[in-house]
Amino acid sequence: MRHILVMGVCGVGKSSVAEAIAAALDAPYVEADSFHSPDNVAHMQAGRPLTDEMRRDWLEVIGAELAHQSRPAVLACSALKQRYRNLLAAQAGEMTIIHLTGARDLLEHRVASRPGHFMPPSLVQSQLDALEPPSGPHVTEIDVALSLPQVVARALDFVRSRGGGTGR
């Protein structure tokens, strides 16, 4: 079983893209942000990036959630560093990865436009600094300057070409 990870820094539209992929594939959708502890949320709300230690517990809970899925799921998760992706894969298996990217000013604008979200625009740069782009045959990168339907179409084409979301 190969889950699908839709990843990238804040503001790339991970949730919107992952939800659309899950709907198109009739797959379970897992939103990583819903697994943050109240302490992690408060830390980010204060404009402070999470530490690797703070992310570890969060990623372990997400990995366990994926491991309990009975069929391939679509996960929206920043998964900025290779060690974070390795931690998820250790519990849930290797994943097909959709890496969403975008220009910093576009991402900061998007984050500033999200009412009520815990992530402030000031953390976009810290996430860009922490990002270790994934690579490999099960990874594609898509620029979110494209429209949402274009991003989703490209992601679905890639997922289907790799057998992602099919249980293979």
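Nothing in this text is a laboratory measurement; each read-out follows from the coordinates by a stated rule. The structure presented is a predicted model; accordingly, all values stated were derived computationally and were not measured. Here Cβ is always computed from backbone atoms with ideal geometry, including for glycine, and neighbour counts include all displayed protein chains.
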Inset, instruction - Work out the length of the dipole vector of region 1-66 about its Cα centre, built from +1 on the beta-carbon of each Lys and Arg and -1 on the beta-carbon of each Asp and Glu, and round it to the nearest 20 debye. - result: 200
Inset, instruction - Apply 1/(1 + (r/R0)^6) to the Cβ-Cβ distance of ARG56 and LEU128, taking R0 = 22 Å, and write down the FRET efficiency to the nearest 0.05. - result: 0.55
Inset, instruction - Please work out the C-alpha center-to-center distance from region 121-153 to region 1-44 and express it in whole Å. - result: 13
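Pick out, in residue order, every one of the trypsin sites (Lys or Arg not before Pro) in region 46-149 that is DSSP loop and has at most 14 other C-beta atoms within 10 Å; say none if there are none.
The qualifying sites: there are none.
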Legend entry - Tensor-based shape of the chain (alpha-carbon gyration tensor, a/c under 1.5 rounded, otherwise prolate or oblate): oblate
Inset, instruction - Compare the Cα positions of ILE98, HIS36, ASN86 along the charge dipole of region 1-136 (+1 at Cβ of Lys, Arg; -1 at Cβ of Asp, Glu; about the Cα centre) and return the one farthest towards the positive end. - result: ILE98
Inset, instruction - Estimate the FRET efficiency between GLN150 and GLU94 by the formula 1/(1 + (r/R0)^6), using the beta-carbon distance for r and 35 Å for R0, to the nearest 0.05. - result: 0.85
Inset, instruction - Would you compute, from DSSP H runs of 4+ residues alone, the mean residue ellipticity of the chain at 222 nm, taking -39500 (n - 2.57) per run and dividing by the full residue count, rounded to the nearest 500? - result: -14000 deg cm²/dmol
Inset, instruction - About the Cα centre of the chain, how large is the charge dipole given +1 on each Lys and Arg Cβ and -1 on each Asp and Glu Cβ? Please answer in debye to the nearest 20. - result: 340
